[in-house]
Each structure stands twice: as C-alpha cells, then as structure tokens.
Amino acid sequence: MNDDRGERAGLRERKKQETRIALSWAAIRLVVERGLDNVRVEDIAAAAGVSPRTFNNYFSSKAEAITARHLDRSRLTAEELRRRPASEPLWEAIRNAVIARLTLGQDAPTGMPDQQWIDGVRLMVREPALQAEFIRAEVEAEAALAAAVAERVGADPVHDMYPRLVAGAVGAAVRIATDHFLRADPPAAFAPLLEDALGQIARGLPAP
C-alpha cells in the first residue's frame, strides 16, 4: 500500500510539472506571436488547456511563466552536479551538469536548437519588461548552484566566497554563450559555445 501511495504521489508531481511546462511554453509562444502587452493570463491558460485559476496556482505573472523554463533548467543543473561522480574534477563535473541541463530542447539532428527554444531565450534577454524577472531567476539559480558546489568541495555556503564565485562565473559563462548564440551569423549550435565558455573559465581565463 505504501508503494501505491508513493506511485500516486509521483504521478501527481509529474502531472504538476507537465502543467507548469505547458503553461510556460504557451506563454512564450503567445508573447512571441502577439507581444507581451497583447497576451492575457486567460489566453495562456486556454492555450495550455487549463483554467486561469490553475495558471495562478503556478505563477504570479506572465513574466514568471515565461522565465520558468530557464529557472527550472538552472535549478536542475545544481541537482545534476550533485549526481556527478565524486571522482570527477569540479569543473569537469560542472561542465557536464550544465551541458546536460541547459541544452535540453535542442533535438534537431544538426544539434541546432528548435525555433521555440530560440524564441524563448531571445524573448527573455531582450524584452525590457521581462528583464527584472529574468535577473531574479538567475540570482535564484546561482544560489542553488553555489549550494551544490559548497557540498561538493566541503565549503561553508554562507561564509566561504568560493562557491558563490564559482556559481557566478558559471552564470556569466551561460549569459555570454547565450549572447554569442543569439548573434551568430550564420547560426551556431549552442552546446559548443557553452562548452567553450566554461572551458575558458576552468583554465583560469588565460590571455589569448
């Protein structure tokens, strides 16, 4: 019976996560198509097949819904780092964790992200009305990663600067790789840009 309860709880959590993802993608798609000011919470809820009340159970605003996918993946980076083998050097483990989580959704055979992923990233970093929420999500994600780094290296997450410096450097690498990706002409795959940025930091940013 305990196994049945655990299975039902697991199914509920998966359903909740699926609804959260559906709402976030619906928000991104509609805002890309219509513009932020021309999309209502009711529109997003209808596109995801739920009620406005359900939307409000998950998100407090359109901006929060749009940035949710980025925040969720960034949070999962910290969990992925905790799962990396203890034998992996820190920066190798970080690189593997970041690549595993932040390049999800890029399923094209060429390794290029799908257009929905590109539109979502571009919207988050270029729409002024979303930037405050995007920054808040990044701060929260960096705090989660710093805690995971502290656990891995045996540092104090409150009094030692090292975990926060590492998390901040990783956040900078992601932002800069993303900017290069969005400006690339011809288009470039995101994963190699991200690997390059993280690799340069891991090597101590030697002068070119």
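Details
- Leading residue by the ranking (nearest to ARG175 (Cα to Cα)) among those in region 47-67 that are touching a residue at least 60 places away in the same chain (Cβ under 8 Å) and either β-branched (Val, Ile, Thr) or buried (at least 16 other Cβ atoms within 10 Å of the Cβ) (or both): THR67
- Residues of region 31-42 satisfying the condition of being under 13 Å from ILE66 (Cβ atoms), at pLDDT 90 or above and either among the basic types (Lys, Arg) or in a helix (DSSP H, G or I) (or both): VAL41
- Single residue of region 178-193 satisfying the filter (farther than 16 Å from ASP119 by Cα and assigned to a helix (DSSP H, G or I)) that is nearest to the chain's Cα centre (by Cα): ALA191
- Complete set of residues in region 72-131 that are under 19 Å from ASP179 (Cβ atoms), in contact with a Phe, Trp or Tyr (Cβ under 9 Å, 6 or more places away or on another chain) and either at pLDDT 85 or above or in a helix (DSSP H, G or I) (or both): LEU102, TRP117, ILE118, GLY120, VAL121, MET124, VAL125
- Taking every residue in region 132-145 that is more than 10 Å from THR67 (Cα to Cα) and pairing it with any residue that is among the polar types (S, T, N, Q), at least 6 positions away or on another chain, the pairs with Cβ-Cβ distances below 7 Å are ALA141/SER74; LEU145/THR77.
- Scanning region 154-167 for residues that are crowded, with 16+ Cβ neighbours inside 10 Å and in contact (Cβ under 8 Å) with a residue 12 or more places away in the chain yields a total of 4.
- Some residue of region 43-59 being charged (D, E, K, R) and farther than 30 Å from ARG152 by Cα: yes
- Checking each residue in region 68-85 for being surrounded by 16 or more Cβ atoms within 10 Å (Cβ to Cβ) and either touching a strand residue (DSSP E or B) at 6+ places or on another chain (Cβ under 9 Å) or among the charged types (D, E, K, R) (or both) picks out ARG69, ASP72, ARG73, ARG75, GLU80, ARG84.
- Test result for GLU151, of a type outside the set (S, T, N, Q) and either at pLDDT 90 or above or buried (at least 21 other Cβ atoms within 10 Å of the Cβ) (or both): yes
The values are calculated or read from the model by the stated rules, or taken from the named source; none is laboratory data. Nothing here was measured: the structure is a model prediction, and the numbers come from that model. All Cβ positions, even for glycine, are placed from backbone atoms using ideal geometry, and neighbour counts span all protein chains on display.
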